[in-house]
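Presented below is the structure to which this report refers.
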């Protein structure tokens, strides 16, 4: 039986301007800075950041497996809103090709302070939801930590 | 009390902060050994080995009994549990972070 509309929503406050946070999602050179853990990370990314454009991420988990994710940008409002499909392409077989929807909304709370709301929808199962909730939580915490660093170090890195 | 505990943790982590002493603990985890047996793999003098054993003793990690002229050492893991408790408090922080990518890409793997 199809479970209706499983989704997750996470909110974080980041010490960075909304434009900069937006770039961290769409600039291939910046994605790996937060989409990574010790021993793994997004090692390759191609991004065509326009509505209808595609992206492709290759992410190595610490066990050595390289996971491929693709999707199409549906909405791009720099500094405000990003909607993209999120399709896992393998190699773990269970959810290959399952199209899910990822929305990132940014709201500037003040100078250099941005509230990020991540919504991941059309999730295929509760197990999937629990798991990606843990995944996104950890990666958004990475993002919080990244922007909590000295702005100078960030610019140089 | 807190200070006393903290001083004890100091001595435990100090004892662990040396490759020779860690190797000695590994040997003792297999069973009792004399000080000269502990010294053997390192080609060190008995005096030097004895100094390491004293550091382990101070931390409460090693108990020494004297049988005639030989000193027999055995492991007391109690203080390691204290150190582990201290580390465990922080475990969840790195665990959550470490698993993030695996969780994002392998939801099915967790069910198996």
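Every read-out reported here was derived from the displayed coordinates using simple, explicitly stated rules and does not represent laboratory data. Worth saying up front: this structure is predicted, and the values here are computed from it rather than measured. Virtual Cβ from ideal backbone geometry, glycine too; neighbours counted across all protein chains shown.
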Response to the item:
One quarter of the C-alpha convex hull surface, i.e. the mean projected area of chain A in nm², amounts to 9.2 nm²
Item to complete: May I ask you to derive the relative contact order of region B:2-87, considering only C-alpha pairs under 8 Å and at least 6 residues apart, and to give it as an integer percent?
Response: 32 percent
Worksheet item: Looking only at Cα atoms, what is the convex hull volume of region B:2-87 per residue, in Å³?
Response: 90 Å³
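Find the relative contact order for region A:61-157 and round it to a whole percent, using C-alpha pairs within less than 8 Å whose residues are 6+ positions apart.
So the answer I get is 16 percent.
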Item to complete: Please give, to one decimal in nm, the separation of the simple spin-label points placed at residue B:6 and residue B:54, each 7 Å out from Cα toward the Cβ.
Response: 2.7 nm
Worksheet entry | Helical contribution to [θ] at 222 nm, DSSP H n ≥ 4, -39,500 (n - 2.57), averaged over chain A, rounded to 500 | -8000 deg cm²/dmol
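Does region A:1-62 classify as rounded, prolate or oblate by the C-alpha gyration tensor (a ≥ b ≥ c root eigenvalues; a/c under 1.5 gives rounded; else a/b over b/c gives prolate, otherwise oblate)? Before the final figure, lay out each step's value.
Working: a/c = 1.32, a/b = 1.23, b/c = 1.08.
Rounded.
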Worksheet item: Using a Förster distance of 25 Å, how high is the FRET efficiency between residue A:98 and residue A:43, based on the Cβ-Cβ distance and rounded to 0.05?
Response: 0.65
Practice prompt. Ignore the peptide's own chain and count Cβ atoms of other chains within 10 Å of each Cβ in A:123-136; give me the average, rounded.
Written response: 4
Practice prompt. Give me the distance between the Cα centres of region B:36-81 and region B:3-19, rounded to whole Å.
Written response: 16 Å
Item to complete: Neighbouring Cβ atoms within 10 Å as the yardstick, rank B:10, A:141 fewest first.
Response: B:10, A:141
